[in-house]
1. Starting from residues that are open to solvent by less than 60 Å² (accessible area, probe 1.4 Å) and assigned to a loop (DSSP other than H, G, I, E, B), keep the ones in region 69-89 and report whichever is farthest from ARG38 (Cα to Cα).
2. Output the qualifying pairs, or none if there are none: Cβ atoms under 8 angstrom, residues six or more apart or on different chains, first residue in region 101-114 and more than 18 Å from LYS86 (Cβ to Cβ) and hydroxyl-bearing (Ser, Thr, Tyr), second residue open to solvent by less than 80 Å² (accessible area, probe 1.4 Å) and in a loop (DSSP other than H, G, I, E, B).
3. Determine if region 7-22 includes at least one residue that is at pLDDT below 95 and either open to solvent by 60 Å² or more (accessible area, probe 1.4 Å) or of a type in the set (Lys, Arg) (or both).
4. Being part of a loop (DSSP other than H, G, I, E, B), touching a residue at least 40 places away in the same chain (Cβ under 8 Å) and not hydroxyl-bearing (Ser, Thr, Tyr) is the filter here; which residues of region 90-100 pass it?
5. Using the structure shown, decide if SER62 is surrounded by 19 or more Cβ atoms within 10 Å (Cβ to Cβ), free of Cβ contacts under 8 Å to residues at least 40 places away in the same chain and not hydrophobic (A, V, I, L, M, F, W, C).
6. Anything in region 27-36 that is open to solvent by less than 80 Å² (accessible area, probe 1.4 Å), without any contact (Cβ under 8 Å) to a residue 60 or more places away in the chain and not charged (D, E, K, R)? List them, or say none.
7. Is one or more of the residues making up region 61-83 at positive phi and touching a Lys or Arg at 6+ places or on another chain (Cβ under 6 Å)?
8. Based on this model, can you work out whether ARG53 counts as open to solvent by 70 Å² or more (accessible area, probe 1.4 Å), touching a Phe, Trp or Tyr at 6+ places or on another chain (Cβ under 7 Å) and free of Cβ contacts under 8 Å to residues at least 40 places away in the same chain?
Amino acid sequence: QVQLVESGGGLVQPGGSLRLSCAASSSIDTIYTMRWYRQPPGSQREWVAKSFRNGVTVYADSVKGRFTISRDNAKNTVYLQMNSLKPEDTAVYYCNAYIQTDYWGQGTQVTVSS
């Protein structure tokens, strides 16, 4: 079992950057895949990026080249660096870990607007 707490969201202008953090209550070193999802207003939750234990990362086409997922196993934290933000990136962002079942954080709001 693991608890996840996201932070780092906020209001940013188009073209700006934010770094989201996902702090886990226990070691993430043994968690094979950590993921970020987002839920835009009025839309379903969608997958954004994932980080495998072996270091491989994969991104949705909509964020490829702009977002970077990373892990700090020593801090039990997963990050999502978001650059060149667009208004369509506005959403609640969620961290996810799968350990025999899905674990989710409470989400952090990201609003991209001028």
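1. ASN76
2. If the second residue must be open to solvent by less than 80 Å² (accessible area, probe 1.4 Å) and in a loop (DSSP other than H, G, I, E, B), the pairs left are TYR103/VAL2.
3. Checked against the condition, which is being at pLDDT below 95 and either open to solvent by 60 Å² or more (accessible area, probe 1.4 Å) or of a type in the set (Lys, Arg) (or both), region 7-22 yields no hits at all.
4. Scanning region 90-100 gives a single hit, ILE99.
5. No: the conditions fail for SER62.
6. SER27 - this is the single residue of region 27-36 that is open to solvent by less than 80 Å² (accessible area, probe 1.4 Å), without any contact (Cβ under 8 Å) to a residue 60 or more places away in the chain and not charged (D, E, K, R).
7. For region 61-83, residues at positive phi and touching a Lys or Arg at 6+ places or on another chain (Cβ under 6 Å): absent.
8. Yes; evaluated as a whole, the condition is true for this residue.
The values are calculated or read from the model by the stated rules, or taken from the named source; none is laboratory data. Nothing here was measured: the structure is a model prediction, and the numbers come from that model. Every residue, glycine among them, receives a Cβ derived from its backbone with ideal geometry; neighbour counts consider all protein chains shown. Heavy atoms of the whole protein, side chains included, go into the accessibility calculation; ligands, DNA and RNA do not. Shrake-Rupley method; radii C 1.70, N 1.55, O 1.52, S 1.80 Å.
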